[in-house]
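The values are calculated or read from the model by the stated rules, or taken from the named source; none is laboratory data. Only a predicted model underlies this, so the values are computations on that prediction, with no experimental measurement involved. Cβ placement follows ideal geometry from the backbone for every residue including glycine, while neighbour counts extend to all protein chains displayed. Please note that ligands, DNA and RNA were not included when accessible areas were found on the heavy atoms of the full protein model with its side chains. Shrake-Rupley method; radii C 1.70, N 1.55, O 1.52, S 1.80 Å.
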Amino acid sequence: MTAGVHPFARATPARPAWGTLGAAAALGVLIAAGIAVVLAGAAGPVHGQLVPVLHRLLAGWVLGPLHGVGLATTQTAFYLEYAVMGVAYVAAVVLAPRVAIGWIVAAVVGLHVAFALAPLLLSTDVFNYVEYAYLGAVRHLDPYVRTPASSPGGPVYVVVHWRHTVDAYGPLFTLASYPLGTIGAVAGVWAFKAVAAAASLACAGLVWWTARRLERPPARALAAFGLNPVLLVSAVGGAHNDLVMLALLVGGVAMIAANRELRGGAALVAAVGIKLSAGLAIPLLVLGAGRRWTAAAGVALGTLALAVLAYVSFPSHAVGMIHMVARESGAVSPVSIPLVVARALGAHTVPAGVHPVLTVLVALVVVGLAAWVWRGGDVMAAVAYAFVALLVTSSWTLPWYLLWPLPFAALARRPWPLVSVVIVQITWVAGEVALRR
């Protein structure tokens, strides 16, 4: 290994030779298509499919600051705009090193602001966030035990979809969200929307900084993460806490890359305190650290702190999140690769006995990737592939889950991890389009 180069950074890819005109055009098309999607959502009842909360509640505050300036389109037109975003995104990522970084930063920030102002797109999960926060902060009930239906007087109960489901999120997220359960429906929902957008921008900035540290093309890394259509439409548009999880994970990566392994390890565990799925990345990132034992010590200390926090806050049900996630692992979403395969084989759903087999398969993949990292393989690619393996084998896949491997694929030495992520995203969106037709 060359002296002075961090273990995460084991090679630098060649820069492409395409001109800046194509990159500028790609950014322009991506921005225009993104704004068209935002305005389609703001059109209100015309797009109940794009803004599903409108099936239960039609109110100006639900549509947000852009209420009244929407652009009514058909569902087909929306998916066409989404597809245009995807094509422009691929071109922008490929050509990113040939345009000034300031233009990419402006596009990332501008699109994040636009989707932060958009109505809640393609999801109603944020209303569950508000209800769980209300249960804990106002009603003083344990959201890992009590469901929104057990206290139907919450600020957004009328539009909650998962009324009979307990909290599936980590104790760190649950506790941090309590203040947002005390400020009412409008402020609570839009505060979560602002948090999601801010977390996504923070993650984009960390990806860019880490790419520079690892001697990877920073412009391409920033574009690959910050301009991703699924990120913008589903995660920022839907205000999902997966973005907070990713910001902490990538923050841990940045600290490890800066030779702050102890803090980095603790930050990785904090991501698990948001969503349990972050734990899949931790063994690989510790193995890829320059000082593995120091990073492992940070993970141990972070785990201890998180366990104390959980047991102090939820004494009798501190592992409620684990039980809920285990239950979800056996569920089947309308669009998932195992379901597609099962139907192709003549089954109506994924057989229950298949789920443990798929779990073992993911574990074997992670073990193989760990061995690769131990021998000097690219840890960023390994983490991306681990998450892709999880997405491909999981029967419970939602569009914002498709972002889990994205920042690591953006930081990988070679383009193949990002290609695999984009293929999975295209496959999922295509399945969603087929389902809605």
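Here are some notes:
- Taken over segment 137-159, the residue count meeting the criterion of being among the small types (Gly, Ala, Ser), in a loop (DSSP other than H, G, I, E, B) and open to solvent by 20 Å² or more (accessible area, probe 1.4 Å) is 1.
- Of all residues making up segment 331-351, the number that are without any contact (Cβ under 8 Å) to a residue 60 or more places away in the chain, open to solvent by 40 Å² or more (accessible area, probe 1.4 Å) and either part of a helix (DSSP H, G or I) or closer than 20 Å to ALA168 by Cβ (or both): 3
- For segment 395-432, a residue qualifies if it is farther than 24 Å from LEU206 by Cα, in a loop (DSSP other than H, G, I, E, B) and among the aliphatic types (A, V, I, L, M), and exactly one does: LEU398.
- Among the residues of segment 174-203, those that are over 23 Å from PRO119 (Cβ atoms) and not aliphatic (A, V, I, L, M) comprise THR174, TYR178, PRO179, THR182.
- Condition check for TRP162 on (1) buried (at least 20 other Cβ atoms within 10 Å of the Cβ); (2) within 25 Å of the chain's Cα centre (by Cα); (3) part of a loop (DSSP other than H, G, I, E, B): one failure, at (1).
- Subset of segment 35-60 that is surrounded by fewer than 15 Cβ atoms within 10 Å (Cβ to Cβ) and part of a helix (DSSP H, G or I) - its residue that is modelled with the lowest pLDDT: PRO45
- Any hit, segment 216-224, residues being more than 14 Å from ALA410 (Cα to Cα), over 12 Å from the mean Cα position of the chain (by Cα) and surrounded by fewer than 24 Cβ atoms within 10 Å (Cβ to Cβ): no
- Test: residue in segment 231-240 that is open to solvent by 10 Å² or more (accessible area, probe 1.4 Å) and outside any helix (DSSP H, G or I): no
- From the options LEU358, LEU435, residue that is on the phi < 0 side of the Ramachandran plot, open to solvent by less than 40 Å² (accessible area, probe 1.4 Å), at pLDDT below 95 and in a helix (DSSP H, G or I): LEU358
- Residues in segment 389-414 that are within 13 Å of the chain's Cα centre (by Cα) and without any contact (Cβ under 8 Å) to a residue 60 or more places away in the chain: LEU391, PRO405.
- The lone exception for THR397 - which of (1) closer than 17 Å to LEU284 by Cβ; (2) β-branched (Val, Ile, Thr); (3) open to solvent by less than 20 Å² (accessible area, probe 1.4 Å) it fails: (1)
- Of all residue pairs spaced 6 or more apart or on separate chains, those with beta-carbon atoms under 7 Å, a first member in segment 287-303 that is touching a residue at least 12 places away in the same chain (Cβ under 8 Å) and of a type outside the set (A, V, I, L, M, F, W, C) and a second member that is surrounded by fewer than 17 Cβ atoms within 10 Å (Cβ to Cβ) and not in a helix (DSSP H, G or I) are GLY290/ASN259.
- Residues satisfying the stated conditions in segment 165-191, i.e. part of a helix (DSSP H, G or I), under 29 Å from THR303 (Cα atoms) and open to solvent by less than 30 Å² (accessible area, probe 1.4 Å): PRO171, PHE173, THR174, SER177, GLY181, ALA191
- There is no residue in segment 295-310 that is open to solvent by 10 Å² or more (accessible area, probe 1.4 Å), modelled with pLDDT of 95 or more and within 30 Å of VAL109 (Cα to Cα).
- Some residue of segment 115-136 being within 30 Å of PHE173 (Cα to Cα) and open to solvent by 60 Å² or more (accessible area, probe 1.4 Å): yes
- Subset of segment 373-394 (residues that are surrounded by fewer than 17 Cβ atoms within 10 Å (Cβ to Cβ) and in a helix (DSSP H, G or I)): TRP374
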